[in-house]
Amino acid sequence: MTKWKCDNCGTVHRSNPSKCRSCGNTVLSPYHGDEGGLLDDPRMRYGLIALAVLLALLVLIAVL
């Protein structure tokens, strides 16, 4: 399945939207990059980072 990448901000979309969900740009190009899928989505990456920070804080609290 072809993904679409915003020419302005680089956000990768699973379908060909009329505009980018991140910046509103209307120019998107076909993207055949990494098939990793979920990590192409900035929201997923930020969610994983937030989860890692939360787990690190819980470990720190447990040690103290």
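Here are the criteria: (1) within 15 Å of the chain's Cα centre (by Cα); (2) modelled with pLDDT of 95 or more. Tell me which single one residue 49 does not satisfy.
The number of the failed condition is (2).
Among the residues of the stretch 15-46, write down those that are modelled with pLDDT under 90, part of a loop (DSSP other than H, G, I, E, B) and surrounded by 12 or more Cβ atoms within 10 Å (Cβ to Cβ).
37, 41, listed by residue number.
The values are calculated or read from the model by the stated rules, or taken from the named source; none is laboratory data. Keep in mind the model is a prediction, meaning the values are calculated, not measured. All Cβ positions, glycine included, derive from the backbone under ideal geometry; neighbour counts span all protein chains shown.
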